[in-house]
Amino acid sequence: MPLLPLRAFVCLSVTLAAQPAYTSLPTETPASVTIPQAGFDYAKRSVMIPMRDGVKLHTVIIVPRTATASQKAAILLTRTPYDAKTLTGRQQSKHMGPMLQGYDNATDVITEGGYIRVVQDIRGKYGSEGDYVMNRPLRGPRNPTPVDHATDTYDTIDYLVKNIPECNGKVGILGISYDGFLPLMALVNPHPALKVSVPMNPMVDGWIGDDWFHNGAFRQQMMPYIFEQQAGRGNEYPWASEYYDEYEAFLKAGSAGELGRQRGMNQVGFWRKIVEHPSYDAWWRDQAVDKVLAKEPLKVPTMIVHSLWDQEDIYGAIAVYKAVKPKDVNGDMVRLVIGPWYHGQMIGDGSAIGQIKFHSDTARHFRREVLAPYLAQHLKDGAPKANIAPVTAFETGVDTWRELPAWPPSGAAPRKMYLQSGDKLAATSPTATSFVEYISDPAKPVPYKIRPVRTPEDSGWPIWLCDDQREASSRTDVVTFTTDVLTEPLKISGEPLVHLVASTSGSDADWVVKLIDVYPDEVADQPVMGGYQHPIAMDIFRGRYRESFETPKALEPDKPLAYKFALPTANHVFLPGHKIMVQVQSSWFPLYDRNPQTFVSNIFLAKPEDYKKATHRVYIGPSYVELPVNMSSPR
């Protein structure tokens, strides 16, 4: 390569020195963007709606093109802690239906009904201002501020009906889970424009039987949810685990309190409150939504939707129904729907839950035949009255929808099914008292599902309440009692009641009781169901609360004590050729924290040395499960 002459270098240096100096490149992003709207069947707006305390809540409004200032439509509102932006734009589409596909959108009902869809971030979450409080209590002893979810809903509806020209002045509110808790809060001092509320699988009482506890046993697999939900406004701090099998993660940590300490949970306000309130004291009772609504006038038509295998909030819907139904003096304000679903399945495909197939899309039936006409009656101008029964309940076993006047239906005749010696279950009382015993070892707790137990986001979490129970029944720390093969159908409608007499060599114990439908050894049209042990209703009871939920008490070692508690509601027919089984065990891990079996004042603070083996005895003779047998024909 030839060398450049010296003068060329001189010229090059002068040229470079003369160039202007830039500290950055000019941006290529416009200050604002206008999306061409040709072909869109909706208009989307995002607004910040001011509340009475000045806080503004991020709200997404989607108006179908069919709604105009002259052809007005009603609003379907959902308030959520789960990101309004995501819930209204999972898929970018010019069509409203595909865009709304996903969690908490009953998309076919919304789009086919021509409703204006509104989704709002509650205060303190995602795009909204303000402070986040888990299940923010109503104004009063637990909330000294001037605002709560009832006032925020009121202020939101007031803004919407005044600022959406396409609105006909009518608003309905609906949602699932936390988003189902919020339609219940809307019933407290409701806005006059609120014409209907549809809480589906709502969070109601977090201690008695919904997300956080069941009868005093802590649902520790909800810890990741608590951390992620409260650690950041946008759930930006994930719960990290070093184990593929969550069973190992929770077991090696020891107590739930110690696991919380290791994972930084003490930084989260709601976690600190849970640890401070392990018993059902006034802090929990004051927030129980069924107790709140029992004191409120019933002003808004309400459809309560319950799932028979709701793995998260199986208590709440039925509890609210019990609380508000007595106020429905004319019979036109309260509707109850009971479906064969897991948590939130009513807005998806309801043709099966795990291996249990229903031979029709039960969720689609609910949306088209029940929800859609009910919403139309209350929200559409001139719509006919919907012919919806007071109770619409799916009857599993025979897989049929029933229209009923009330829940549970009248005419039920309680039938006691006694635990018998020889692992038998029968309607006759044993002639002699005896017992069966097992060793409950906290070091080897009974898994609530077949291991490995993955995180709820990466497992069979939605369907575990329908999992085959044969794995549990084969363990030596699980006792089983089974009827002879049924020769005629047995229909139950309502809550089975557990009457258990048991003892422990320790000073505390948990009791898990399961009511199970055992399939024939072979099933011709679905071979995988041969011998399947299908759980119909299951729950746990922490022994220390035998006498009082508020004041725990140590159990007297080796003394037979009576425990009485209800299992979740069922609507099921045990068919001829099947058998009925009851299982009893003393751990359900890692869904529920382990009982040390040594009485300590607060199990969250239990030490490793507190966890001890114990001999548990279940007494034959006085122990039974009372089934709500429905005497009407099951077919």
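Could you state, as a whole-number percent, how many of the C-alpha pairs of segment 213-283 are farther apart than 15 Å? It works out to 55 percent of all Cα pairs.
Filter the cross-link list LYS273/LYS449; LYS357/LYS416; LYS252/LYS612; LYS444/LYS553 down to pairs whose alpha-carbon distance in this structure exceeds 20 Å.
Violating the 20 Å limit, Cα to Cα: LYS273/LYS449; LYS357/LYS416; LYS444/LYS553.
Considering all alpha-carbon pairs of segment 345-493, what whole percent are spaced by more than 21 angstrom? The share of Cα pairs beyond 21 Å in segment 345-493 comes to 67 percent. Calculated mean residue ellipticity, 222 nm, the chain: -4500 deg cm²/dmol, from DSSP H runs (n ≥ 4) at -39500 (n - 2.57) each, averaged per residue and rounded to 500.
For the chain, relative contact order (Cα pairs under 8 Å, six or more residues apart, normalised by length) works out to 13 percent. In this structure the amide hydrogen of ARG402, modeled in the peptide plane, comes within under 5 Å of the amide hydrogens of ALA393, PHE394, GLU395, none closer than 5 places in sequence on its chain. Here the chain is assigned +1 on the Cβ of each Lys and Arg and -1 on the Cβ of each Asp and Glu. Its dipole about the Cα centre then comes out at about 1280 debye. Over segment 412-630, one equal point on each Cα, no solvent: what is log10 I(q)/I(0) by the Debye formula at q = 0.16, 0.18 Å⁻¹? Those come out to -1.14, -1.40, one per q. Residues in segment 555-572 carry Karplus couplings, in order, of 8, 6, x, 6, 9, x, 10, 8, 10, 10, 7, 8, 8, x, 4, 9, 9, 9 Hz; the curve used is 6.51 cos²θ - 1.76 cosθ + 1.60 with θ = phi - 60°, and Gly or Pro positions show x. Report note on the peptides 167-180, 466-479: ranked by the mean count of other C-beta atoms within 10 Å, highest first, their order is 167-180, 466-479. With the biggest extent put first, the Cα atoms of the chain measure 113, 73, 56 Å across the principal axes.
In segment 149-282, Rg over Rh equals 1.09, where Rg is the alpha-carbon radius of gyration and Rh the Kirkwood radius from pairwise Cα distances. More than 14 Å apart: what percent of Cα pairs in segment 252-299 qualify? Tail of P(r) above 14 Å: 62 percent of Cα pairs. Each residue of segment 419-434 is assigned a 3J(HN,Hα), and the resulting list reads 6, 10, 5, x, 6, 9, 10, 8, 7, 9, 6, x, 7, 9, 8, 8 Hz, derived from the Karplus form 6.51 cos²θ - 1.76 cosθ + 1.60 (θ = phi - 60°), x at Gly and Pro. Here the Karplus curve 6.51 cos²θ - 1.76 cosθ + 1.60, taken at θ = phi - 60°, turns the phi angles of segment 392-409 into couplings of 10, 10, 8, 9, 6, x, 9, 6, 9, 7, 10, 9, 10, x, 6, 10, x, x Hz, with x standing for Gly and Pro. Close amide-amide hydrogen proximity is noted between ARG335 and THR302, MET303, ILE304, each under 5 Å apart and 5 or more residues distant or on a separate chain (H modeled in the peptide plane; Pro and chain starts excluded). For ALA43, nonlocal amide neighbours, meaning residues 5 or more places apart or on other chains whose placed amide H falls under 5 Å from its own, are VAL63, ARG65. Using alpha carbons only, the radius of gyration of segment 550-635 set against its Kirkwood radius gives Rg/Rh = 1.06.
Other residues lying with their Cβ under 9 Å from the Cβ of GLY209 contribute a combined charge of -4, Lys and Arg counting +1, Asp and Glu -1.
Read-outs throughout are calculated quantities, based only on the coordinates presented, and are distinct from any laboratory measurement. As the structure is a computational prediction, the values presented were derived from the model and not from experiment. Every residue, glycine among them, receives a Cβ derived from its backbone with ideal geometry; neighbour counts consider all protein chains shown.
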